[in-house]
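**Student:** Before I ask anything, let me first share the structure, which is written out below as structure tokens.
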Amino acid sequence: MANNWGMHSELRTIADCPNDAAAHALFRQVLECEDIDAGLPTVREIERDAEAVALNFHGSPTFAIDGVGLFPAAAEPALTCRVYPTDGGLKGRPSLHALRKTVRPALERAAG
């Protein structure tokens, strides 16, 4: 059985985000690689500007562990699409390597 150390992983999205399904599959893959329960992450649709501000949500998709976004952003919180820098240019989700690189420290904090 995979370990989840009591942490909460969440994919935050907006309605009709074209990258939701691929981002969810990527997040699941990364969590599985780190021996975290394959049933994770949960998906949360952000619907209001106030919710975006309260969650420090910088666009869809946002990857979070224990309420903290894994990719800090300088932009104001907003109900918008988000892009990530990759070797192939800006994409609607990070690379597998980039997501794993941000997940590992978050998992260590959750385990500590």
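Read-outs: derived from the displayed coordinates by stated rules, not from any lab. In this text, all values refer to a predicted model and were calculated from it rather than measured experimentally. Reconstructed Cβ throughout: ideal geometry from the backbone, glycine too, with neighbour counts over all protein chains shown.
**Student:** Based on alpha-carbon positions alone, could you give the equivalent ellipsoid semi-axes of region 16-63 from the gyration tensor, as √(5λ), descending, whole Å?
**Tutor:** After scaling each eigenvalue by five and taking roots: 23, 12, 8 Å.
**Student:** Something else: List the residues, sorted by chain then number, that are 5 or more residues from residue 37 or on another chain and whose placed amide H is less than 5 Å from its amide H.
**Tutor:** Long-range HN contacts for residue 37: 3, 4.
**Student:** What is the helix-to-structure angle for 96-111, meaning the angle in degrees between its Cα long axis and the longest Cα principal axis of the chain, kept from 0 to 90 and rounded to the nearest 10?
**Tutor:** Relative to the chain, helix 96-111 is tipped by roughly 60 degrees.
**Student:** Listed highest first by mean packing, meaning other Cβ atoms within 10 Å per residue, what order do 66-77, 51-62, 16-27 come in?
**Tutor:** Output ranking for 66-77, 51-62, 16-27: 51-62, 16-27, 66-77.
**Student:** Oh, and also: Which trypsin sites (Lys or Arg not before Pro) from region 11-99 combine a DSSP loop assignment with at most 11 other Cβ atoms within 10 Å?
**Tutor:** Hits after loop and neighbour filter: 48.
**Student:** Another question, if that's okay. Between the helical axis of 20-33 and the dominant principal axis of the chain, each derived from Cα atoms, what acute angle in degrees is found, rounded to the nearest 10?
**Tutor:** Helix 20-33 and the main axis of the chain meet at about 20 degrees.
**Student:** Summing Lys, Arg as +1 and Asp, Glu as -1, what charge do residues with Cβ under 14 Å from the Cβ of residue 37 carry, residue 37 excluded?
**Tutor:** Counting the neighbours of residue 37, the net charge comes to -3.
**Student:** Let me ask another. Let me have the relative contact order for the chain, percent, based on Cα pairs under 8 Å that are six or more residues apart.
**Tutor:** 31 percent
**Student:** Here's something else I'd like to know. Suppose every Lys and Arg Cβ carries +1 and every Asp and Glu Cβ carries -1, with no other charges. What dipole size does the chain come out with about its Cα centre, to the nearest 20 debye?
**Tutor:** Around 300 debye, computed over the chain.
**Student:** Also, quick follow-up: Take the Cα gyration tensor of the chain, multiply each eigenvalue by 5, square-root it, and list the three semi-axes largest first, rounded to whole angstrom.
**Tutor:** Each semi-axis is the square root of five times an eigenvalue, giving 21, 16, 13 Å.
**Student:** Let me ask something additional. Picking from 89, 79, 14, whose Cα lies most toward the positive end of the charge dipole for the chain (charges on Cβ: Lys, Arg +1; Asp, Glu -1)?
**Tutor:** 89
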